[in-house]
1. Taking H as built 1.01 Å from N, whose amide H comes closer than 5 Å to the amide H of L21, not counting residues under 5 places away?
2. Short version: ³J(HN,Hα) in whole Hz for each residue of region 38-46, in order, from phi by Karplus 6.51 cos²θ - 1.76 cosθ + 1.60 (θ = phi - 60°), x for Gly and Pro, what are they?
3. Scan region 102-147 for trypsin sites (Lys or Arg not before Pro) in coil per DSSP, keeping those whose Cβ has at most 10 other Cβ atoms within 10 Å, and list them by number.
4. Using the Cβ atoms and a cut-off under 9 Å, what net charge is assigned to the surroundings of S159, where Lys and Arg are +1 and Asp and Glu are -1?
5. How are the Cα pair distances of region 94-150 distributed, in percent, across 5 Å bins from 0?
6. I need the P(r) histogram for the chain: all alpha carbon pairs, bin width 10 Å from 0 out to the longest distance, whole percents.
7. For the pair T108/F5, report the inter-label distance in nm, with labels modelled 7 Å from Cα in the Cβ direction.
8. So for region 113-179, what are the equivalent ellipsoid semi-axes in whole Å, largest first, each being the square root of 5 times an eigenvalue of the Cα gyration tensor?
Amino acid sequence: VNLAFDAETVRIAQFWKGRFLDAHGTWFDRFTPPAKPLGNDEIELPSGGVLAVSSSGEAPPYQFGGYRIDPRGVPTFLYKFAGCEVQDRFEPAEAQGFRRYLTVASSTDEVKKLWLRAIVGKELKPISSTEYQNELGLRVSIESGSAGRSLIKTIGGQSTCFIPVEASLGTEIVVRYQW
């Protein structure tokens, strides 16, 4: 399983399975379009970040802070959002998917109330109180955090599942993606 992170907009842009990509053109040619995945089962993710300050999707700008790679080659993306430091780690999970570890820490003693944009789609089907699937076949399960307190809202023709997050010294949310 693979993913593409868009550092300009600070979001996961795409998932896919199989071969990675051929980045030769982006490294050695000028003015080339972004590299395309060589695998299959591509899932394009919606624009916008994973966190919002309200359940209407409002979000101040994200500030990308780079990334780090652990000894196994697993990346953790670092960014700031709404007065919080965010660490966003993806690991391959069973059944060819990803497990996302999102750690949100308020930069002050104040608890920040945020909303996790768990999944977006034209149609969202609840599988359980902690699991949803969209029309593309992307299934999202909230494994920790505020699971079960979701709110589905339709904004601009798209349905979004919002999960409340209380960011304090190191709130961790674990989300599983399968497709």
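No value in this document is a laboratory result; all are computed from the given coordinates. Since this is a predicted model, take the numbers as computed values, not measurements. Because the Cβ atoms are built from the backbone with ideal geometry, glycine has one as well, and the counts that use them run over all protein chains shown.
1. L38
2. In residue order, the calculated couplings are 9, x, 9, 6, 6, 10, 7, 9, x Hz.
3. Numbers: sites: K112, K113, R117, K122, R139; in loops: K122.
Here no loop site has a sparse enough neighbourhood.
4. Working: positive: K122, K153; negative: E123.
Net of charged neighbours comes to +1.
5. Each 5 Å bin holds this share of Cα pairs: 4, 15, 24, 23, 16, 9, 6, 3, 0.
6. Values per bin, smallest distances first: 9, 36, 38, 14, 2.
7. Inter-label distance under the simple model: 2.8 nm.
8. Details: eigenvalues 82, 37, 16 Å².
For region 113-179, the semi-axes come out at 20, 14, 9 Å.
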